[in-house]
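Derivation of every value follows stated rules applied to the coordinates shown; laboratory data play no part. Note that the structure is predicted; figures quoted are calculated from it, not measured. Ideal geometry is used to build each Cβ from the backbone, glycine not excepted, and the neighbour counts take in all protein chains shown.
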Amino acid sequence: MGSRGVPAGRRVRPAGLSIVAMTAAAAMLSPSFAHAELAPGELMAALDRSSKVDAALRGFYVVRGYKPLWIDGDAPGDAAEELYKLVATARFDGLNRRALQSDRLRDLLRKASRLDADPDELAKAELFLSRVFAAYVQGTRMPRDAGMTYQSNLLAPAVPSVNAALTAAAAAPSLERYVADMAWMHPFYNDLRDALAARELDREATELVQLNLERARAIPANPARRYVLVDAAGARLTMFENGKAVDSMKVVVGKPAASTPMIAGLLSSAVLNPYWNVPPDLVRERVAHNVNKRGLGYLKAGGYQPLSDWSDKPKVLDPRKINWRAVEAGTRELRVRQLPGKANFMGKVKYTFPNDQGIYLHDTPDKHLLQEEVRFASSGCVRLEDAARLGSWLFGKMPAPRKGAVEQVVPLEQPVPIYITYLTAAPEGERIVFRDDLYGRDRPQMAALARAGRRDSR
């Protein structure tokens with residue numbers, strides 16, 4: 001027995017009480033399953049024919065030939081214990097353990113673990129474990145508003161059907177590890193949850209971890225074979241492949257006044273030798289200021305061009321005819337771009353993904369900021385420590401620009417999902433690292449989640 005009275009593993013019971021001994025009862029359902037490994041009439045009788053959940057369970061077990069998922073030999077296996085541990089601590093997931101019937105699950109497991117447990121008790125435990133597992137997976141995958149904007153519904157976490165949840169679990173190499181690792185969630189979620197469950201934290205820290213659990217919940221477990229994750233709070237980019245982190249690098253993200261948003265999109269192309277369209281505030285504060293202070297030579301030295309408009313083919317304006325004092329004062333709006341070159345703020349490449357907020361990833365010639373511990377200095381976009389390394393991973397080989405090409409667009413054959421999140425409490429080994437909330441998002445989001453929780457509980 002485990003500490004909560006749940007079986008620690010398989011043990012031997014007297015012959016004659018095996019589930020297989022009840023296969024004759026399967027004829028009540030279908031003669032073709034008369035010799036199935038698990039087809040107890042008691043289990044089928046326990047199914048509610050009017051319940052959609054039980055209809056899905058019936059289909060799941062029919063396809064499996066009534067092979068048990070949770071019963072290991074003649075007793076609940078280790079995966080059942082792992083599931084009970086999760087359900088008993090469902091408060092960490094924002095779920096109600098009573099609604100998941102954790103006490104009944106515990107009692108059924110105790111009865112099924114006795115040496116004299118009869119086939120009916122084993123059947124009831126098997127069926128109830130599947131019910132509870134499906135409900136728990138659906139509850140943990142249920143989307144909550146954690147501040148993430150999805151550019152496509154295909155990028156958002158999906159709540160699986162009962163059959164899909166059970167089928168995925170059954171396909172895992174180890175059901176015990178699948179349940180213990182919460183493999184249907186993003187790895188960051190499970191790591192944060194484990195750390196939260198293992199430590200005594202004060203109320204404020206607990207609420208902060210729970211908020212960041214919601215942010216981790218907003219990232220699908222396996223959104224694609226390959227995807228990019230940017231954690232703005234940690235100023236770090238990680239490349240994932242087949243559910244595992246394969247590479248990581250530092251990044252510079254938005255300053256507090258121009259924060260990098262939580263957003264999910266599809267990286268679709270690399271732009272080689274890009275222009276840099278100077279943000280309007282920097283046109284005023286940097287370009288116009290320096291022109292007024294140092295003269296028009298500043299534009300030529302920096303490779304800046306004033307443009308007529310924001311169209312794809314703007315006209316280059318004569319800088320001598322522009323009232324730069326009015327531009328610096330903000331009474332005239334002016335588009336300015338920087339030509340490709342060594343000084344170009346985009347560096348040699350930028351990686352684009354269609355989004356409503358004009359965010360992209362890009363190279364940078366200004367590497368000193370990447371050596372800082374706090375890297376919040378951009379105007380919202382993400383500056384990369386090693387843009388070529390990311391390009392090699394995305395394309396297989398970093399694309400080379402054509403000679404003399406400017407703004408050369410190289411599309412990805414298969415777009416790669418990108419998730420930009422904001423983890424102010426993050427897993428790091430066996431501990432939780434707490435980070436400064438430089439964007440001021442934590443308190444408003446915790447209050448919003450608390451209000452939503454109160455509404456849901458009514």
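Put in line by how crowded their Cβ is, counting other Cβ atoms within 10 Å and starting with the fewest, E413, E204, E126 read E413, E204, E126.
Residues H186, H368, H289 in ascending order of nearby Cβ atoms (within 10 Å, fewest first): H368, H289, H186.
Please compute the Kirkwood hydrodynamic radius of the range 276-339 from all pairs of different C-alpha atoms, in Å with one decimal.
On the way: mean 1/r = 0.0871 Å⁻¹.
Hydrodynamic radius (Kirkwood, Cα only) of the range 276-339 equals 11.5 Å.
For the chain, the 222 nm mean residue ellipticity estimated from helices alone, with every DSSP H stretch of n ≥ 4 adding -39500 (n - 2.57) and the total spread over all residues, rounds to -10000 deg cm²/dmol.
Taking θ as phi - 60° and the Karplus parameters 6.51, -1.76 and 1.60, the scalar couplings of the range 180-196 work out to 4, 8, 6, 5, 7, 10, 5, x, 4, 5, 5, 5, 5, 5, 4, 5, 5 Hz in sequence order, x denoting glycine and proline.
Please arrange L384, L122 by counting, for each residue, the other beta carbons lying within 10 Å of its beta carbon, fewest first.
Numbers: L384 25, L122 29.
Result, fewest neighbours first: L384, L122.
Listed by chain and number, the lysines whose C-alpha is less than 26 Å from the C-alpha of K52, apart from same-chain residues fewer than 8 away, are K67, K124. Structural descriptor for the range 276-339: relative contact order 49 percent, calculated from alpha carbon pairs under 8 angstrom and at least 6 residues apart.
Using DSSP to call loops (not H, G, I, E or B), can you name the GluC sites (Glu not before Pro) in the range 296-385 whose Cβ has at most 15 other Cβ atoms within 10 angstrom?
Sparse-neighbourhood loop GluC sites (Glu not before Pro): E333, E372, E373.
Summarising the label geometry, the points placed 7 Å from Cα in the beta-carbon direction at R320 and K300 lie 1.1 nm from one another. Remark: the range 341-358, residue by residue, has Karplus-estimated 3J(HN,Hα) of x, 4, 8, 4, 5, 7, x, 8, 7, 10, 10, 10, 9, x, 7, 7, 10, x Hz, where x stands for each Gly or Pro and the curve is 6.51 cos²θ - 1.76 cosθ + 1.60 at θ = phi - 60°.
Give me log10 I(q)/I(0) at q = 0.10, 0.11 Å⁻¹ for the chain, Debye formula, one equal scatterer per alpha-carbon, no solvent. Normalising to I(0) and taking log10 leaves -0.82, -0.92. Net length available on complete extension from A205 to A388 is 62.0 nm, with 0.36 nm assigned per residue and the Cα-Cα distance removed. Placing unit charges on the Cβ atoms of the charged side chains and taking the dipole of the chain about its Cα centre, the candidate lying farthest along the positive direction among P314, S174, G265 is P314. Taking amide H atoms as placed 1.01 Å from N in the peptide plane, the amide H of L317 lies under 5 Å from those of L307, S308, each 5 or more residues away in sequence or on another chain.
Evaluated with a Cβ-only charge set (Lys, Arg +1; Asp, Glu -1), the range 276-339 carries a dipole of roughly 260 debye about its Cα centre, given to the nearest 20. For the range 369-375, backbone phi angles converted through the Karplus equation (6.51, -1.76, 1.60; θ = phi - 60°) give residue-by-residue couplings of 5, 6, 8, 7, 6, 9, 10 Hz, Gly and Pro being listed as x.
Close amide-amide hydrogen proximity is noted between S248 and M239, each under 5 Å apart and 5 or more residues distant or on a separate chain (H modeled in the peptide plane; Pro and chain starts excluded).
Relative contact order of the chain, taken over Cα pairs closer than 8 Å and 6 or more residues apart, is 16 percent.
Here D436 and L115 are evaluated by their C-beta separation; at R0 = 56 Å the FRET efficiency comes out at 0.50.
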